[in-house]
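Q: The structure's right below; bear with me while I get my questions together.
The values are calculated or read from the model by the stated rules, or taken from the named source; none is laboratory data. It should be emphasised that the depicted structure is a prediction, and the values quoted were computed from it without experimental measurement. Using ideal geometry, Cβ is built from the backbone for each residue, glycine included, and neighbour counts are taken over all protein chains shown. We work out accessible area using only protein heavy atoms, side chains counted, and drop any ligands, DNA or RNA first. Shrake-Rupley method; radii C 1.70, N 1.55, O 1.52, S 1.80 Å.
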Amino acid sequence: MLHDGAAVGYRLNSNGQEVPVFNVLELFEPSRFSTYEASVEVDGPEDIEALSQACDHSGIAFEHWTGVDPESV
């Protein structure tokens, strides 16, 4: 993937670190991975942790993009 280095925004990754978001200028080679999006309603932080562990166990990357601290759910 080629981008111009100018971040168009920021988001938190699954480790709570802020990472830049870039617009793609060119894609050299498609990824062998698919991207999925899910809207999930949970009762508490343990549900988010269970989903994260299930994804880890299956070898699936997991990112919590809401910006909401799971501990406050």
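Q: What spacing in nm lies between the two simple spin-label points modelled at residue 34 and residue 53, each 7 Å away from Cα in the Cβ direction?
A: 2.6
Q: Can you work out the accessible area per residue across the chain, with the rest of the protein chains kept in place, probe 1.4 Å, in square angstrom?
A: So the chain comes to 88 Å² accessible per residue, rounded to a whole number.
Q: Something else about it: If I model the chain as equal point scatterers sitting on the Cα atoms and use the Debye formula, what is log10 I(q)/I(0) at q = 0.24 Å⁻¹?
A: -1.22
Q: Can you give the longest run of the chain that contains no chymotrypsin sites (Phe, Trp or Tyr not before Pro) sitting in a DSSP loop with at most 12 other Cβ atoms inside 10 Å?
A: With a cap of 12 other Cβ atoms within 10 Å, the longest stretch comes to 37-64.
Q: If you don't mind, there's one more thing I want to ask. With charges set only on the Cβ (+1 for Lys and Arg, -1 for Asp and Glu), what does the dipole of the chain come to about its Cα centre, in debye to the nearest 20?
A: Roughly 340 debye for the chain.
Q: Now for a different question. When the accessible area of the chain is computed with all protein chains present and a 1.4 Å probe, what percentage of it is carbon and sulfur?
A: With neighbouring chains kept in place, the figure for the chain is 50 percent.
Q: So the label point goes 7 Å from the Cα of residue 66 along Cα→C-beta, right? Which residues of the stretch 19-42 then have their backbone N under 15 Å from it?
A: Flagged as within label range: 38-42.
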